[in-house]
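The values are calculated or read from the model by the stated rules, or taken from the named source; none is laboratory data. Model, not experiment: these values are computed from the prediction. Cβ placement follows ideal geometry from the backbone for every residue including glycine, while neighbour counts extend to all protein chains displayed.
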Amino acid sequence: MGRHLVTSLASAIVAVAQLGFVTPVFAQSSEAIEAARRVNISGRQRMLSQRISKAACFLHVGVSTDGLGNQLGDAVALFETSLEALRRGDESMGLGPEQNAAIRAALLVVANDWDMFSQNLRMALSDGLVPRPALSGIDETGLQLLVNMNRTVNKTANIYGDSLPDMPLILSLTIDLAGRQRMFTQKAAKEFCLIDAGVDVEENRTRLARTAQLFTLTLEALQNGMLGMVMAAPNDEIRNQLALVAEAWVGPKAALDIAASGDEINDTQRIAVVNAMEQVLVLMNEAVGMYEGAIPAPE
């Protein structure tokens, strides 16, 4: 594992909290279960911000557009519903209203970012197409939304991990990191598409190389653990699921590396990123859900 990549992952984790090693032995409570759900759903919002931008880009490029319009609409609806649930509660999502003032304030910032992002998106889609000049604006406001959503997830993981005795910080942060993997699949696909569309090509090549590297590095950390920072897969179910993610990642990763290196992109690579990456997302999303069940009941 390269030193600069280890430093990147460590920096991302330390930005969440100052960690000490916590032995992952914990009891189950309704508060801990809801906290895990809250970190999971908050983390999913990061993914949705990039999924929306990705779908808009591929609609512009015209690659495998079947279902992309629905994908875009579904992602917008889920982001809006989830943001409301995180703020005010939603019984169907297993969430009560957010009680922590710092998290509520962070979610308000996200809501303001969402208003700007969704406005840009609506303007771009007014004629059913996504014109190339609109892609930069969508990406810029989507990245701002991602930055503040990420801060909100980190704050949520830290506060709940610190305050609940049966929700250890290392578990809370591991769920956060596992959830971030979902975002990386969509961010990488978006960056691939922006390169293909000729939008900020050199910058997106640099971003894409980093995004793909961080996905690989984080996946290894989730599988094997990183002392004091990331919990190794806590049971066979999660361990096996992460192995499936690693297997599914091989094809899209090869296509992403080609685009990041500056080589010509062909239809085979486009299909791998549009379609095979969805399988990586599905498998990773299932893995994140499994972490919610990793809080064992007391004996």
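Every listed requirement among (1) surrounded by 15 or more Cβ atoms within 10 Å (Cβ to Cβ); (2) outside any helix (DSSP H, G or I) is met by residue 152 save one, (2).
The single residue among 130, 109 that is over 27 Å from residue 177 (Cα atoms) and either outside any helix (DSSP H, G or I) or in contact with a Lys or Arg (Cβ under 9 Å, 6 or more places away or on another chain) (or both) turns out to be 130.
Residues of segment 215-238 that are farther than 25 Å from residue 189 by Cα and not hydrophobic (A, V, I, L, M, F, W, C): 224, 225, 228, 234, 235, 236, 237. Of everything in segment 111-149 that is charged (D, E, K, R) and surrounded by 17 or more Cβ atoms within 10 Å (Cβ to Cβ), the residue that is nearest to residue 184 (Cα to Cα) is 139. Pairing residues of segment 77-88 that are at negative phi with residues that are of a type in the set (D, E, K, R) and surrounded by fewer than 17 Cβ atoms within 10 Å (Cβ to Cβ), at Cβ distances under 8 Å and at least 6 apart in sequence or on separate chains, gives 81/90; 84/90; 87/104.
Would you call residue 182 within 28 Å of residue 33 (Cβ to Cβ), part of a helix (DSSP H, G or I), of a type in the set (Lys, Arg) and in contact (Cβ under 8 Å) with a residue 40 or more places away in the chain? Taking the combined requirement at face value, the residue satisfies it.
To keep it simple, each residue is scored yes or no on (1) surrounded by 20 or more Cβ atoms within 10 Å (Cβ to Cβ); (2) on the phi > 0 side of the Ramachandran plot; (3) at pLDDT 95 or above; (4) not basic (Lys, Arg).
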position	(1), (2), (3), (4)
156	yes, no, no, yes
167	yes, no, no, yes
194	yes, no, yes, yes
202	no, no, yes, yes
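Determine if segment 230-243 includes at least one residue that is of a type outside the set (D, E, K, R) and within 29 Å of residue 130 (Cα to Cα). The answer is no; no qualifying residue exists.
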